[in-house]
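Below: one structure, written as structure tokens.
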Amino acid sequence: MISFEPTDDQKMVRDSVAQFAERTLRPRIREFERERCLPDDVLQAAHAMGLPLAAFPEAVGGSGLGVVTQVLIEEELAYGDPAAAFALSGPGAYGWAALLLGGPELGKRLIAPFVGDGGHTRFGAVAWGERQVSRDRPGMVTTAERAGAGWKLRGEKSYVLHADRAASFIVFAQVDAAKGWEGIGAFVVPRDAKGLRVLPRLDTLGLDAASFGGIALDDVEVADDARLLHGGDAQRLVSFFATQALLVSARAVGLARAAFETTRDYCEQRKAFGKPIGHFQAIAFTLADRSMDVEAARAMVWRAAFHWDAVGHGAGTPASSESNAEVRAALQRIAWAVSFTLEAAMRAGDDAVQLHGGSGFMRDYPVEKWMRDAKQLQLCAMTAEHADQLAALIALDRPIDAALVLPSAESQNVFL
Amino acid sequence: MTIEFSLSTRQREMQAMIHQFAEAIIRPEALKWDRAHEVPHEFLRRIVMMSQTMGTSVAMGPGAGDPKVTEMDAETRKKRQVALTTIISAEELSWGDAGLLLCVPGPGLGGPPVRASGTPEQKKRFFSIFDDMSTELRWGAYALTEPGAGSDVAGIRTSCRKDGKDWVINGRKCFITNGARASWNVVFATIDPALGRGGHRAFVVEKGTPGFSVGKIEDKMGLRASETAELVFEDCRVPEENLLGGEASYTTKQGFMTAMKTFDNTRPLVAAMAIGIGRAAYDYAVDFVKKHYVLSRPIPRYAALAERLARVGRGLAAARMATWHAAWLADQGEPNAKEASSCKAMAGLASIRACIDAIEICGAEGSIAAEHQLLEKWFRDIKVYDIFEGTGQIQRIVVSKRLMPDLKSF
């Protein structure tokens with residue numbers, strides 16, 4: 001069947017998140033922006049509602065609600081404040097990486113600290129990005145070498161969400177130089193590991209409440225069992241990025257809807273030449289286009305999430321590999337949803353400022369923030385360009401080329 | 001209910017069957033029909049038989065013409081997803097050939113207004129002629145547009161006046177799909193242009209009615225296999241039983257509402273047809289690139305091609321989701337005017353983009369006409385999908401009025 005109606009349970013979850021977004025997030029977006037973080041009471045409230053753990057399987061401490069429910073949550077959160085959706089505590093990308101790349105057992109162990117009392121104070125981070133381009137070979141500049149029974153990590157990671165507050169990192173590094181993107185490994189590194197230095201927080205264009213930074217690894221030694229992503233499965237990495245990008249695209253829908261609705265209301269009130277400016281076709285047609293964007297983007301995200309859940313990837317416990325036809329079809333739906341939605345959010349932010357005119361440029365209105373947030377959001381997890389390459393490779397029956405699809409200094413860097 | 005995007009077994013089977021037929025039987029003939037300006041009746045008879053076997057109508061109008069569907073109650077329509085199933089079939093048939101789809105016998109765009117506004121007797125009378133088409137093919141048509149009133153439906157000038165037990169119609173209609181061959185046309189006229197929408201009346205005018213004649217048959221950019229006719233009414237006398245819905249139903253603005261309500265059903269359908277053409281072009285370009293993909297070539301050329309392909313693919317995917325949503329709402333019995341216009345606007349643009357980009361991707365080869373190379377035909381066929389059934393601009397007017405309730409007119 002085809003159906004666009006959430007279950008009663010999903011509606012309940014969505015409505016309660018919508019209420020939280022409207023009452024707790026929206027009125028305070030400028031405060032979060034100024035403080036450059038979410039205050040404790042907000043983190044605690046989100047944690048109490050179970051938002052950060054909703055989609056994770058019950059076996060690892062989550063609620064097992066699946067990605068469809070999670071995208072409903074992400075849209076509402078971002079409708080309240082796109083930055084808040086990124087700034088929330090919880091396992092986030094760190095948890096997904098542990099589960100998808102390390103398996104259920106490691107997932108359970110790494111997600112455990114986020115479950116129950118005090119979980120809201122904890123952050124995990126994924127150290128993927130690098131400023132430096134690897135010039136002599138494909139892959140990463142950061143390396144992991146054998147050191148006794150364990151591993152020694154060396155290099156610098158950038159564009160890391162929560163870097164300054166994470167208790168633990170999953171660090172990606174080149175294990176096998178000759179294998180390029182297939183030779184990437186991942187390692188769990190605690191913040192207090194010897195030789196790990198947290199780099200200063202970055203000043204960013206948007207999403208101010210979320211902290212982006214990096215870490216330097218100066219011969220950091222970890223035990224052998226700290227390694228995940230055995231066998232250097234680049235295809236599994238693509239799935240990990242696709243999952244994250246899908247969640248980001250749900251936030252993009254929330255952002256676009258907030259920008260559109262606020263602008264529509266403004267255009268109904270603001271008068272020029274004796275009537276509301278929304279009653280001029282040039283304005284009305286722009287609003288109509290943005291409304292179509294929001295509706296279509298949401299449906300695409302839902303469809304992608306539905307198929308991702310259906311192939312088991314939504315729960316981080318895929319039953320089949322990325323070469324499976326159904327998984328490839330689902331990946332293509334994600335790719336389409338991601339690129340369409342990210343661009344739709346940017347159009348929504350841009351037009352919101354444009355239709356507000358000079359006022360839109362002033363910080364009295366939220367639209368300038370949404371425009372900045374939209375641009376930065378387009379650079380989180382996966383860009384539209386990466387997603388387009390992914391969709392095309394699948395359409396052309398080509399193997400998924402990690403060099404084209406995975407964000408890197410060589411293609412485009414992203415925040416993760 | 002739950003959020004779900006898998007087709008039912010019935011929908012999937014039908015889709016696969018039409019697809020196979022479209023690929024093996026329709027495609028090789030499409031260019032011939034385009035050149036001949038018609039689809040042979042023999043072939044159309046085959047289509048009619050096929051849709052009877054499948055127990056559904058792939059003809060235009062959600063289930064129109066199928067008496068079982070015409071009489072179907074809301075709950076059954078919802079359960080069987082009549083509108084959704086129809087648009088899924090329409091996309092597939094249009095992928096085969098859009099010109100053919102418009103030629104398929106049946107009530108066509110005339111179906112929805114008769115179903116929405118006709119009295120039980122009228123429905124029986126006008127639909128029953130499609131029950132058995134084994135010896136003679138029949139069509140219905142929808143005549144709204146006039147030389148002086150296209151998008152501005154309220155501005156029609158074709159007049160009607162009551163004379164005894166008859167109505168007398170005078171005026172001209174243009175761009176009417178299947179208008180000449182139709183057994184009947186649903187014709188919109190006005191008792192007094194000064195009354196605006198309140199003055200509108202809809203009639204079923206049967207072929208051979210005195211005073212009704214066919215003017216010119218249009219020569220078009222695309223969809224050349226489909227007949228587009230001008231209709232002339234000179235003191236055309238129509239019995240009062242042919243006034244759609246009966247006289248009492250026009251005490252409000254219903255005449256105009258009939259014309260408009262029809263669009264809520266037909267716009268998603270036309271959107272699906274557009275997507276069918278766009279997807280045909282997209283699929284062709286994908287196959288073309290696959291065939292010409294040489295591994296030794298530098299990546300950047302392919303990266304640019306890939307991005308273009310992906311843009312086309314996602315544009316169609318977005319339009320398809322909007323279209324499914326509009327049809328799903330119709331099946332749920334919920335208002336869908338905004339969604340119907342949204343999907344029509346998105347589908348027209350996305351599919352035109354698809355046809356333009358596909359030709360560009362294939363290079364010179366893309367503009368050559370040949371039996372299995374139909375890109376240039378699709379390029380010609382697709383343009384009108386952003387024009388008929390309401391231009392893209394009209395769709396945006398409809399959408400913006402729904403977004404801003406205070407907005408009555410521009």
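What pairs come out if I take residues in segment B:381-410 that are assigned by TED's automatic domain parsing to the domain that holds B:Ala350 and pair them with residues that are in a loop (DSSP other than H, G, I, E, B) and of a type in the set (Val, Ile, Thr) whose C-beta lies under 9 Å away, six or more apart or interchain?
Going by the 9 Å Cβ cut-off, the qualifying pairs are B:Phe388/B:Thr145.
Could you please find all residues in segment B:1-40 being surrounded by fewer than 14 Cβ atoms within 10 Å (Cβ to Cβ), in a helix (DSSP H, G or I) and in contact with an Asp or Glu (Cβ under 9 Å, 6 or more places away or on another chain)?
Within segment B:1-40, B:Ala16, B:Pro28, B:Lys32 qualify.
Within segment A:370-411, which residues are in contact with a helix residue (DSSP H, G or I) (Cβ under 6 Å, 6 or more places away or on another chain), under 18 Å from A:Thr341 (Cα atoms), within 14 Å of chain B (Cβ to nearest Cβ) and outside any helix (DSSP H, G or I)?
Within segment A:370-411, just A:Met382 meets the criteria.
Residues are listed down the side, and each one gets a yes or a no for (1) surrounded by 24 or more Cβ atoms within 10 Å (Cβ to Cβ); (2) hydroxyl-bearing (Ser, Thr, Tyr):
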{"site": "B:Leu109", "(1), (2)": "yes, no"}
{"site": "B:Val114", "(1), (2)": "yes, no"}
{"site": "B:Lys124", "(1), (2)": "no, no"}
{"site": "B:Ser134", "(1), (2)": "no, yes"}
{"site": "B:Leu137", "(1), (2)": "no, no"}
{"site": "B:Ala143", "(1), (2)": "yes, no"}
{"site": "B:Gly148", "(1), (2)": "no, no"}
{"site": "B:Gly155", "(1), (2)": "no, no"}
{"site": "B:Cys160", "(1), (2)": "yes, no"}
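Table: residues versus (1) within 20 Å of B:Met346 (Cβ to Cβ); (2) more than 9 Å from every other protein chain (Cβ to nearest Cβ); (3) of a type outside the set (Ser, Thr, Tyr).
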{"site": "A:Ala288", "(1), (2), (3)": "yes, no, yes"}
{"site": "A:Arg298", "(1), (2), (3)": "yes, no, yes"}
{"site": "A:Val311", "(1), (2), (3)": "no, yes, yes"}
{"site": "A:Met346", "(1), (2), (3)": "yes, yes, yes"}
{"site": "A:Ala352", "(1), (2), (3)": "no, yes, yes"}
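Working only within segment B:200-215, note down all residues that are under 22 Å from the mean Cα position of the chain (by Cα) and modelled with pLDDT of 95 or more.
B:Phe203, B:Val204, B:Val205, B:Glu206, B:Lys207, B:Val214
If a residue must be in contact with a helix residue (DSSP H, G or I) (Cβ under 7 Å, 6 or more places away or on another chain) and not in a helix (DSSP H, G or I), how many such residues does segment A:76-133 contain?
Count: 10.
So B:Lys401 fits all but one of (1) at pLDDT 95 or above; (2) in contact with a helix residue (DSSP H, G or I) (Cβ under 6 Å, 6 or more places away or on another chain); what number is the exception?
(2)
What is the number of the single condition among (1) out of contact with any helix residue (DSSP H, G or I) (no Cβ under 6 Å at 6 or more places or on another chain); (2) within 14 Å of another protein chain (Cβ to nearest Cβ) that A:Val68 does not meet?
(1)
Going residue by residue through segment A:69-78, is there one that turns out to be under 29 Å from A:Val171 (Cα atoms) and of a type in the set (Ser, Thr, Tyr)?
Keep residues of segment A:69-78 that are under 29 Å from A:Val171 (Cα atoms), which gives A:69-71, A:73-75, A:77-78.
Now drop any that are not of a type in the set (Ser, Thr, Tyr), which leaves A:69.
Yes.
Among residues belonging to segment A:327-344 that are within 11 Å of chain B (Cβ to nearest Cβ) and of a type in the set (D, E, K, R), point out the one that is nearest to A:Met292 (Cα to Cα).
Filtering segment A:327-344 for residues that are within 11 Å of chain B (Cβ to nearest Cβ) and of a type in the set (D, E, K, R), the one nearest to A:Met292 (Cα to Cα) comes out as A:Glu343.
Being of a type in the set (Val, Ile, Thr), away from chain A (no Cβ under 14 Å) and under 14 Å from B:Ala281 (Cα atoms), is that true of even one residue in segment B:362-373?
yes
Report whether or not A:Ser16 is small (Gly, Ala, Ser), modelled with pLDDT of 95 or more and out of contact with any strand residue (DSSP E or B) (no Cβ under 7 Å at 6 or more places or on another chain).
For A:Ser16, the condition - small (Gly, Ala, Ser), modelled with pLDDT of 95 or more and out of contact with any strand residue (DSSP E or B) (no Cβ under 7 Å at 6 or more places or on another chain) - is met.
Among the candidates B:Thr70, B:Thr76, which residue alone is more than 19 Å from B:Asn178 (Cα to Cα) and modelled with pLDDT under 75?
Working: B:Thr76 fails: modelled with pLDDT under 75.
Selected residue: B:Thr70, the only one of B:Thr70, B:Thr76 that is more than 19 Å from B:Asn178 (Cα to Cα) and modelled with pLDDT under 75.
Do we find a residue being β-branched (Val, Ile, Thr) and within 12 Å of chain A (Cβ to nearest Cβ) anywhere in segment B:349-361?
Checked against the condition, which is being β-branched (Val, Ile, Thr) and within 12 Å of chain A (Cβ to nearest Cβ), segment B:349-361 yields at least one hit.
Quick one: would you say A:Asp364 is free of Cβ contacts under 8 Å to residues at least 12 places away in the same chain, closer than 18 Å to A:Glu33 by Cα and part of a loop (DSSP other than H, G, I, E, B)?
So A:Asp364 fits the description; yes.
Condition first: surrounded by 21 or more Cβ atoms within 10 Å (Cβ to Cβ) and under 19 Å from B:Arg138 (Cβ atoms). Can you find one or more residues in segment B:204-216 that meet it?
The answer is yes; a qualifying residue exists.
Is it the case that A:Glu343 is acidic (Asp, Glu), outside any loop (DSSP other than H, G, I, E, B), closer than 27 Å to A:Thr243 by Cβ and not assigned by TED's automatic domain parsing to the domain that holds A:Ala78?
Taking the combined requirement at face value, the residue satisfies it.
Tell me, which residue of segment B:389-401 that is charged (D, E, K, R) and within 23 Å of the chain's Cα centre (by Cα) is nearest to the other protein chains (Cβ to nearest Cβ)?
Only one residue fits best here, namely B:Arg396.
Count, please, the residues in segment A:244-279 that happen to be touching a strand residue (DSSP E or B) at 6+ places or on another chain (Cβ under 8 Å) and facing chain B (nearest Cβ under 10 Å).
Of the residues in segment A:244-279, 2 are touching a strand residue (DSSP E or B) at 6+ places or on another chain (Cβ under 8 Å) and facing chain B (nearest Cβ under 10 Å).
The values are calculated or read from the model by the stated rules, or taken from the named source; none is laboratory data. These figures come from a predicted structure and were not determined experimentally. Neighbour counts run over all protein chains shown; Cβ positions are idealised from the backbone, glycine included.
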